[in-house]
Amino acid sequence: MPRLRRLTVLTLALLAPVSGCDQWGNEYELRLELPRLPVAWGTASEVAAYELRWVVYGRAQHLRVEPEETNPAEGVVVSVRIPKRPNVAVLAYPVTCDGILLKPAGAIVPLQLRTGNRVRLRFERGPPAYLLYRLDRDGRGGAAVNAARLVEEFEERLGELRWWADWVAVLDAFERGVFRVTMLRAVAQHQVQLALPPGTYRSADLLAPPRYLPAAGPREQLLPEGVHRWFSDDGERFVTIQVGPGGTVSTVSVVRSRARLSRL
């Protein structure tokens with residue numbers, strides 16, 4: 001398949017068999033297995049809830065799954081209703097105790113559907129699912145995308161920088177009908193100086209490895225352009241880092257209240 005070929009329209013989509021009245025409607029019940037937190041995030045204490053998002057015939061849907069349901073060791077399953085059509089993207093945003101949305105896990109249905117109308121949400125699948133969700137939410141035709149190839153191209157072209165695609169350029173290209181997979185490229189990265197309290201910091205991208213900052217002076221870090229949110233491993237602070245064009249950087253470090261820490 002030529003590298004410059006556009007993502008093509010799907011000719012047919014084979015939806016999983018459904019039973020009962022679901023056979024006759026335009027929606028069916030999907031069972032979502034919530035994602036387990038990566039090892040670097042340890043226990044579920046940082047995550048207060050999951051926020052599920054998907055689109056049903058142009059209408060964005062939201063469902064918040066509360067704390068008692070989010071134990072990452074239990075394989076929690078939540079049922080939602082989705083449309084019978086190709087490339088339905090489902091996202092699961094972990095929500096911190098501060099109400100901050102971390103990078104979501106995702107799934108694309110029916111591409112990643114398992115038996116029993118069940119799908120497992122994975123953090124690795126988040127970026128391509130996010131792109132299809134945005135296309136659907138904004139009325140740009142996510143159903144027409146070759147989702148299997150999209151998943152492969154995200155992994156091959158971006159790898160660990162999967163969340164640092166140039167989203168503005170990609171969505172604009174879809175809007176103008178000129179998207180090619182060669183447009184799946186990361187934004188520029190810069191060596192920036194950070195002056196933060198020493199310690200280990202975890203990223204809002206749950207698959208990113210923790211970063212250790214030693215005690216001596218400002219530390220140089222290679223970061224892509226955009227907004228980064230880091231969480232100290234001791235739970236005492238979170239940091240917002242804005243990296244601009246040319247490597248300009250600003251940081252906002254917030255110390256969490258003792259009342260908040262007592263809830264962890």
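The values are calculated or read from the model by the stated rules, or taken from the named source; none is laboratory data. Not measured: the values here are computed from a predicted model. Cβ sites come from the backbone with ideal geometry, for glycine too, and all protein chains shown count toward neighbours.
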Exercise. Could you say whether any residue in region 165-183 is in contact with a strand residue (DSSP E or B) (Cβ under 7 Å, 6 or more places away or on another chain), without any contact (Cβ under 8 Å) to a residue 40 or more places away in the chain, over 26 Å from Pro110 (Cβ atoms) and outside any loop (DSSP other than H, G, I, E, B)?
Worked result: no
Problem set entry | Selection count where residues are out of contact with any Ser or Thr (no Cβ under 7 Å at 6 or more places or on another chain) and either touching a residue at least 40 places away in the same chain (Cβ under 8 Å) or buried (at least 16 other Cβ atoms within 10 Å of the Cβ) (or both), scope region 239-250 | 5
Problem set entry | region 198-214, subset among the hydrophobic types (A, V, I, L, M, F, W, C) and at pLDDT 90 or above, residue surrounded by the fewest Cβ atoms within 10 Å (Cβ to Cβ) | Leu207
Seminar exercise, completed: For region 222-236, the count of residues that are free of Cβ contacts under 8 Å to residues at least 40 places away in the same chain and either farther than 16 Å from Ser250 by Cα or assigned by TED's automatic domain parsing to the domain that holds Pro94 (or both) equals 4
For this session: Please find, among Val192, Val187, the residue that is touching a strand residue (DSSP E or B) at 6+ places or on another chain (Cβ under 9 Å), more than 23 Å from Tyr133 (Cα to Cα) and at pLDDT 90 or above.
Result: Val192
Exercise. From the set of residues in region 130-142 that are closer than 17 Å to Leu91 by Cβ and over 16 Å from the mean Cα position of the chain (by Cα), which is surrounded by the most Cβ atoms within 10 Å (Cβ to Cβ)?
Worked result: Gly142
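Quick one: would you say Glu33 is at pLDDT 85 or above and under 26 Å from Glu153 (Cα atoms)? Working first, answer last.
Details: at pLDDT 85 or above: yes; under 26 Å from Glu153 (Cα atoms): yes.
Criteria met by Glu33.
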Seminar exercise, completed: Residue pairs qualifying under the 6 Å Cβ cut-off, at least six apart or on distinct chains, with the first in region 80-109 being in the same structural domain as Glu152 (by TED's automatic domain parsing) and the second being assigned to a strand (DSSP E or B) and among the basic types (Lys, Arg), are Leu91/Arg53; Ala105/Arg122
For this session: Have a look at Gly235, Gly217, Gly226 and point out the one that is small (Gly, Ala, Ser) and at pLDDT 90 or above.
Result: Gly226
Exercise. Residue check: is Val145 touching a helix residue (DSSP H, G or I) at 6+ places or on another chain (Cβ under 7 Å) and in the same structural domain as Pro110 (by TED's automatic domain parsing)?
Worked result: yes
